[in-house]
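The block underneath contains the structure these notes are about, expressed in structure tokens.
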2 protein chains.
Amino acid sequence: MNPDIIKERQNATFDVEKLTYVLDGGLEKTKRRREIESMVFSDPDFEEEDPNFLSRSERYDQAVRKSAQMILKLREYGIADPEEIYCYKTMVQGNHHEAMGLHFVMFLPTLYSQCDPQQSKKWLPLAKSFQAVGTYAQTEMGHGTHLRGLETTATYDPATQEFVLNSPTISSIKWWPGGLGKTSNHAIVLAQLYTQGNCHGLHAFIVPIRDMSTHVPLPGIVVGDIGPKFGFNEVDNGFLKLENVRIPRENMLMKYAKVEPDGTYVKPPSAKLTYGTMVFIRSLIVGESARALSKSCTIAIRYSSVRHQSEIRPGEPEPQILDYQTQQYKLFPLLATAYAFSFVGQYMKETYHRISGDINDGDFSELPELHALSAGLKAFTTWTTNSGIEVCRMSCGGHGYSRSSALPDIYVEFTPTCTYEGENTVMMLQTARHLVKSYRQAKAGQQLSGIVSYLNEAKQHRVQPQPVAARPTVVDINDLASLVEVYKQRAAILVELAAKSIQQEIQNRKSQEDAWNNSSIDLVRASDAHCHYVVVKLFTDKLGEIGDIAIHSVLSTLALLYALHGITTNSGDFLQAGLLNVPQVHQVSVRIKELLSQLRPNAVALVDAFDHHDKKLNSVLGRYDGNVYEHMFEWARRSPLNATEVHESFHKYLKPLRSKL
Amino acid sequence: MNPDIIKERQNATFDVEKLTYVLDGGLEKTKRRREIESMVFSDPDFEEEDPNFLSRSERYDQAVRKSAQMILKLREYGIADPEEIYCYKTMVQGNHHEAMGLHFVMFLPTLYSQCDPQQSKKWLPLAKSFQAVGTYAQTEMGHGTHLRGLETTATYDPATQEFVLNSPTISSIKWWPGGLGKTSNHAIVLAQLYTQGNCHGLHAFIVPIRDMSTHVPLPGIVVGDIGPKFGFNEVDNGFLKLENVRIPRENMLMKYAKVEPDGTYVKPPSAKLTYGTMVFIRSLIVGESARALSKSCTIAIRYSSVRHQSEIRPGEPEPQILDYQTQQYKLFPLLATAYAFSFVGQYMKETYHRISGDINDGDFSELPELHALSAGLKAFTTWTTNSGIEVCRMSCGGHGYSRSSALPDIYVEFTPTCTYEGENTVMMLQTARHLVKSYRQAKAGQQLSGIVSYLNEAKQHRVQPQPVAARPTVVDINDLASLVEVYKQRAAILVELAAKSIQQEIQNRKSQEDAWNNSSIDLVRASDAHCHYVVVKLFTDKLGEIGDIAIHSVLSTLALLYALHGITTNSGDFLQAGLLNVPQVHQVSVRIKELLSQLRPNAVALVDAFDHHDKKLNSVLGRYDGNVYEHMFEWARRSPLNATEVHESFHKYLKPLRSKL
């Protein structure tokens, strides 16, 4: 164990283990998580070569092997609870992804939810025994977030009682679905349904794409891998071009909508259920943000405690880089953010579970708010985490750029969350739509409930924000409740500003739609402020649940840092709205420096509490024992370029070059 | 040609070709650049496979082949002017790097500048004929920016008249030098010189590391590749462990310092010359920032003009995504930044050339200012570009994540500039040191000249910034000269604030050094404001040189957008300092929206003017003809995973899995 990191742990003012229970949701959960972890990490069947040393094809190969292995192990251990499966999968994957992810996350759940009884009887056994390995083919080369724009067609032919599927243009080729390129032999294809000369919009069809025994693509199917990406190199995201592919009528998923044998179309009763799945997945992503950011902070903070560089006082030994104020200013606000997002993730999961009971009982009343919240928080947390990972990486100097640090992997595997399951700007605008609607309802005298209820108070605000010094400010910058209030008012003012911008545009003879587009910068800003308020509020609320005094104290410091840091980085908003005055903003900067010093002795303990196993982090910089350099050397020596002393290029190019000069 | 992109070009209000001349520095320069480009792009010897389809070893192999090829071609065409070589190399490299880069950039120049006459006679012919292929080994595993901390030792043994080189610890292993792992047979090693029992600090030694004919590592040399990285996978960044390696006394570079045969150490006369090289390289990096950002903008803006998605007005066809205000708000400020940095790059190059004449004449008077400016601007431009590339990538939706977009490559090859040649935070603090020193001189009554001369006016400012509404503001937000003034005053106030923070800390009984560290957040902020001012000023100055009315008009709009966008993102600073009042900040937001609309018709023409050849961009999204989808499909089909219809993993894992369930 590195002596620096031992000393860091001795300096901690709280019990790390107890904080881990808080993060996991209780002692029992921590225990079970560790049991599952040790099943994976002590299992020789999951030992592997660092994917960074492999070619793309080898990486894919290793990922398929691990997925197959995992399926067997889950059965063997009898792990069936979805949360435990999720935990097991996370351990197996490490910093990478799984080749068969979409079979579990989309193919099976869609069969469960959209098959009629007869279809269930046929397809579920095939899918559960992996005779049918499937994916979900929605996105096309030319169409993503906007589903109505999808071009793939499924035309019903009553003569043969078949659907004929086609990709009528290049831009209609299915593009991106995970596991589509090489792994799957079936795909659930989203296509515009045509029957009896009419288009009935998007419907889902089970399309066999490869022969179930030879795995060779079927006639009319042009399928393959879409090529290397920034990350996700374990996954064969694929393309699928359909050329007059015929499937039986029964392959349309018919739980809701139907096509009768003669071609008569039968409408679905309601569409609200699919709504719930999106909310669920976006809520999960909030948790993923917390995980990615806490991993990155663990690596950067542990490394900063063992790395010595430059000098603060001449003649003295080089200090730990964690002693530099600039390093603390990079990392501690992100550490606070990782904690904030962990608690927000917990809240979203609990709320979803609470509400999904209501949904099953047919009560959708809370869904719109949760839908809006999950969209905005998905965008807010992934954007913050995305840039935060890179700050952590660059705070490690050159070594952060080495794949041995794991930070490049964490980044490239995380960054797609900003785009998938709803592009972030679109998500922010969805939340804004809910906020503006709520604002108008409040203005019309309706009493709002839930998180947006603060818009009830909006009537008191002025359109034109007041001069900064004019408003009396009673904010105590050391009091979290007071800061929550300030964030709330900022959100209220920015929602009002966006709504007024739309109004202004309409007064300038713009259509409703153009007015919306011409106000979208303000709308995104309003959503962002709303989400920021929610995060500060949930972090503060969480403190009320913490009984342990030492833990309560350190988490309060983190929450305060989170809130005050958000104020300095957005100080213009708070000044413009007259919520803080100039001396207060200056005090905030001074206070932040004090908080950094205050957190310094607990920094390593705070990342230890995330309890990321060394095998999960897979980072030479982030090792629990702090023995960075020897393991970096050992890792480098395993680099494939070191397999031979002399690379063949010397004989091929360098030696001949000399004779030509 | 895609019809959308044709229409975009028809809408332009200026002559694209003429703007290209402005960016290149004149018609003649554009002509010559294109000549060199066509030499490379029409040369079948440089045709290559997309490196993204290759394994690491194949990538390295291809890079060595191209480097060897390039050396022959440069001789063949008689290209010897350093700027033309730089241009040629840039074309050959594309979005990647060169295996033998350090031989040209560091090994040869160091031999030229630090060999005594006898050494020159021996080493230059060897290096120029590539008998000796070399690199520059400075950074160690445990030591980067802080050179005095390097641990490698070179101990003189008068008995044999040799130096004995050692890596005494693991952290002293040389780590990161490009070309060290496999390519080079020599390295210039920086080591602590010991002779007659005394340490004389860092000196440079020529160390043979591989046998010149067999390329096998020499005794006592442990050398290899440091393993895969985020990017730079063409380059064999290497490690070097020295175990009692003996080299003759004559292998110490002796132009300045010397060791006599008996071990007597002779001091160098002055160290100021090496100072100049750093300034030069950092100035070059400013130009690299402009290039990387302009490439990214070219890709994102062209793609946004052919990509259609969602709807603004219901029932109408999907609009070009460039019509969304949020998309314009992401991309146009970055476009303006790319122009700003191009002109700053020009200025830095010109200034360096102007001053280096003085330096050769022994006049170092302007060097400290240029040194401080190049450090800060290197950090300012690389940080901005680094996050800007990612904004461009994510603005392309999912396809930005594909390697076919080239944006991942541009990012990973660019991001090390934030760390190498001086870590950015350290750079910002170097600039801050100059600013605080200048501020103190000004306060002491000394009249400053050059860019920092605005600190002469600092006396008028107050320590405590005034309440926002109190100061009379006469800023015209549409007048660039007025905005330059506002940026200047912001910089002055933030420099003063940082200086006062140091003073305050010292009054609280902190040592000078701790006071500095405890003020470093403020110091970085001051440097940032200073650089921001310089960029706004240089962009504005440049407009004065533009004669063409149409070009002057569009560049003025860009400059205004750059300046106003910087105000909104830092509005707290301007409000806090009382430089703008609340209604003005609100007006700035409104004005920015107008500027976005105003730039919209010229967006594609403005990126066309950067004149990045399709082969240089190597991006399916950024193609000049806008034919994105067909080429994406074609590219994907060449992916190595598509070489076989059925991947072997099916037979190895998936099929067997079924029988086990």
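The values are calculated or read from the model by the stated rules, or taken from the named source; none is laboratory data. Keep in mind that what you see is a predicted model, and the values were worked out from it rather than measured. Positions of Cβ are backbone-derived with ideal geometry, glycine not excepted, and every protein chain shown enters the neighbour counts.
Kindly provide the set of residues from segment B:573-597 that are in contact (Cβ under 8 Å) with a residue 60 or more places away in the chain, under 25 Å from residue A:589 (Cβ atoms) and surrounded by fewer than 18 Cβ atoms within 10 Å (Cβ to Cβ), ordered by number.
none
Can you tell me which residue within segment A:334-393, out of those that are modelled with pLDDT under 95 and among the aromatic types (Phe, Trp, Tyr), is farthest from residue A:609 (Cα to Cα)?
So, considering only residues that are modelled with pLDDT under 95 and among the aromatic types (Phe, Trp, Tyr), the one farthest from residue A:609 (Cα to Cα) is A:364.
Could you tell me which residue of segment B:67-120 is farthest from the chain's Cα centre (by Cα), considering only residues that are among the polar types (S, T, N, Q) and buried (at least 18 other Cβ atoms within 10 Å of the Cβ)?
First pass over segment B:67-120, keeping only residues among the polar types (S, T, N, Q): B:67, B:69, B:90, B:93, B:95, B:110, B:113-114, B:118-120.
Checking which are buried (at least 18 other Cβ atoms within 10 Å of the Cβ) leaves us with B:67, B:93, B:95, B:110, B:114, B:119.
Working: B:67: 22, B:93: 16, B:95: 13, B:110: 21, B:114: 26, B:119: 33 Å.
Per the stated criteria, the residue is B:119.
So residue A:212 clears everything in (1) within 29 Å of residue A:67 (Cβ to Cβ); (2) in contact with a strand residue (DSSP E or B) (Cβ under 8 Å, 6 or more places away or on another chain) except one condition, right? Which one?
(2)
Give just the number: which of (1) under 23 Å from residue A:210 (Cβ atoms); (2) in contact with a helix residue (DSSP H, G or I) (Cβ under 8 Å, 6 or more places away or on another chain) does residue A:106 not satisfy?
Only one criterion is unmet by residue A:106, namely (2).
Can you name every residue in segment A:579-590 that is over 15 Å from residue A:333 (Cα atoms) and more than 8 Å from chain B (Cβ to nearest Cβ)?
Once the filter is applied, which keeps residues that are over 15 Å from residue A:333 (Cα atoms) and more than 8 Å from chain B (Cβ to nearest Cβ), segment A:579-590 yields A:579, A:580, A:584, A:587.
Assuming residue B:127 fulfils every condition listed in (1) surrounded by fewer than 16 Cβ atoms within 10 Å (Cβ to Cβ); (2) more than 10 Å from chain A (Cβ to nearest Cβ); (3) among the small types (Gly, Ala, Ser) apart from one, which condition is it?
(1)
Mind counting the residues in segment B:143-167 that are within 13 Å of chain A (Cβ to nearest Cβ), in a loop (DSSP other than H, G, I, E, B) and out of contact with any Leu (no Cβ under 9 Å at 6 or more places or on another chain)?
Residues flagged as within 13 Å of chain A (Cβ to nearest Cβ), in a loop (DSSP other than H, G, I, E, B) and out of contact with any Leu (no Cβ under 9 Å at 6 or more places or on another chain) within segment B:143-167 amount to 4.
Here's a check for you: in segment B:144-166, which residue that is buried (at least 24 other Cβ atoms within 10 Å of the Cβ) and within 30 Å of residue B:56 (Cβ to Cβ) is modelled with the lowest pLDDT?
Here the answer is B:144.
Could you list, in sequence order, the residues of segment A:40-68 that are in a helix (DSSP H, G or I) and within 13 Å of residue A:616 (Cα to Cα)?
Residues satisfying the conditions are A:40, A:41, A:46.
Name every residue in segment B:644-661 that is in contact with a His (Cβ under 6 Å, 6 or more places away or on another chain) and within 19 Å of residue A:127 (Cα to Cα), in order of residue number. Please lay out each step first, then the result.
Of all residues in segment B:644-661, those in contact with a His (Cβ under 6 Å, 6 or more places away or on another chain) come to B:646, B:650.
If the condition is that a residue be in contact with a His (Cβ under 6 Å, 6 or more places away or on another chain) and within 19 Å of residue A:127 (Cα to Cα), then B:650 is the only one that fits.
When you look at residue B:566, is it buried (at least 18 other Cβ atoms within 10 Å of the Cβ), among the small types (Gly, Ala, Ser) and either within 16 Å of residue B:482 (Cβ to Cβ) or more than 9 Å from chain A (Cβ to nearest Cβ) (or both), yes or no? So that I can check it myself, show each step before the final result.
Details: buried (at least 18 other Cβ atoms within 10 Å of the Cβ): yes; among the small types (Gly, Ala, Ser): yes; either within 16 Å of residue B:482 (Cβ to Cβ) or more than 9 Å from chain A (Cβ to nearest Cβ) (or both): yes.
Yes: the conditions hold for residue B:566.
Would you please name the residue that is surrounded by the most Cβ atoms within 10 Å (Cβ to Cβ), looking only at residues in segment B:26-63 that are among the hydrophobic types (A, V, I, L, M, F, W, C) and over 27 Å from residue B:402 (Cβ atoms)?
B:36
So residue A:596 passes all but one of these: (1) at pLDDT 95 or above; (2) facing chain B (nearest Cβ under 10 Å); (3) more than 24 Å from residue A:292 (Cα to Cα). Which condition number does it fail?
So the condition that residue A:596 fails would be (3).
Name the single residue, out of those in segment B:448-484 being among the charged types (D, E, K, R), assigned to a loop (DSSP other than H, G, I, E, B) and within 35 Å of the chain's Cα centre (by Cα), that is modelled with the highest pLDDT.
B:479
Quick check, is residue A:345 among the small types (Gly, Ala, Ser), in contact (Cβ under 8 Å) with a residue 24 or more places away in the chain and within 11 Å of another protein chain (Cβ to nearest Cβ)?
no
Please enumerate the residues belonging to segment B:132-142 that are buried (at least 23 other Cβ atoms within 10 Å of the Cβ), touching a His at 6+ places or on another chain (Cβ under 7 Å) and assigned to a loop (DSSP other than H, G, I, E, B).
Of everything in segment B:132-142, just one residue is buried (at least 23 other Cβ atoms within 10 Å of the Cβ), touching a His at 6+ places or on another chain (Cβ under 7 Å) and assigned to a loop (DSSP other than H, G, I, E, B), namely B:133.
Answer yes if at least one residue in segment B:335-345 is surrounded by fewer than 22 Cβ atoms within 10 Å (Cβ to Cβ) and among the polar types (S, T, N, Q), and no otherwise. Lay out the reasoning, then the answer.
Pass one, segment B:335-345, residues surrounded by fewer than 22 Cβ atoms within 10 Å (Cβ to Cβ): none.
Checked against the condition, which is being surrounded by fewer than 22 Cβ atoms within 10 Å (Cβ to Cβ) and among the polar types (S, T, N, Q), segment B:335-345 yields no hits at all.
Please verify whether segment A:405-414 includes one or more residues that are more than 13 Å from every other protein chain (Cβ to nearest Cβ) and polar (S, T, N, Q).
No, there is no match, as no residue in segment A:405-414 is more than 13 Å from every other protein chain (Cβ to nearest Cβ) and polar (S, T, N, Q).
Of the numbered conditions (1) free of Cβ contacts under 8 Å to residues at least 60 places away in the same chain; (2) in contact with a Lys or Arg (Cβ under 9 Å, 6 or more places away or on another chain), residue A:57 fails exactly one; give the number of that condition.
Every condition holds for residue A:57 apart from (2).
Yes/no matrix, rows are residues, columns are (1) within 14 Å of chain B (Cβ to nearest Cβ); (2) out of contact with any Gly (no Cβ under 7 Å at 6 or more places or on another chain); (3) of a type in the set (Phe, Trp, Tyr):
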| residue | (1), (2), (3) |
| --- | --- |
| A:333 | yes, yes, no |
| A:356 | no, no, no |
| A:365 | no, yes, no |
| A:372 | no, yes, no |
| A:390 | yes, yes, no |
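Name every residue in segment A:615-647 that is acidic (Asp, Glu), part of a helix (DSSP H, G or I) and within 7 Å of chain B (Cβ to nearest Cβ), in order of residue number.
To start, the set of residues in segment A:615-647 that are acidic (Asp, Glu) comprises A:625, A:630, A:634, A:645.
With part of a helix (DSSP H, G or I) added as a condition, the list becomes A:630, A:634.
Matches in segment A:615-647: A:630 only.
Within the group A:391, A:426, which residue is on the phi < 0 side of the Ramachandran plot, under 16 Å from the mean Cα position of the chain (by Cα), surrounded by fewer than 22 Cβ atoms within 10 Å (Cβ to Cβ) and part of a helix (DSSP H, G or I)?
Only one candidate qualifies: A:426.
Scanning for something within 9 Å of chain B (Cβ to nearest Cβ), free of Cβ contacts under 8 Å to residues at least 40 places away in the same chain and over 29 Å from residue A:61 (Cα atoms), does segment A:195-203 turn up at least one residue?
no
Return the residues of segment A:109-148 that are among the charged types (D, E, K, R) and over 25 Å from residue A:72 (Cβ atoms); say none if nothing qualifies.
So in segment A:109-148, the residues among the charged types (D, E, K, R) come out as A:116, A:121-122, A:128, A:140, A:148.
Within segment A:109-148, A:116, A:121, A:140, A:148 qualify.
Working carefully through the options B:517, B:508, find the one that is within 23 Å of residue A:314 (Cα to Cα) and at the interface with chain A (Cβ under 8 Å from one of its Cβ atoms).
Testing whether each residue is within 23 Å of residue A:314 (Cα to Cα) and at the interface with chain A (Cβ under 8 Å from one of its Cβ atoms) leaves just B:517.
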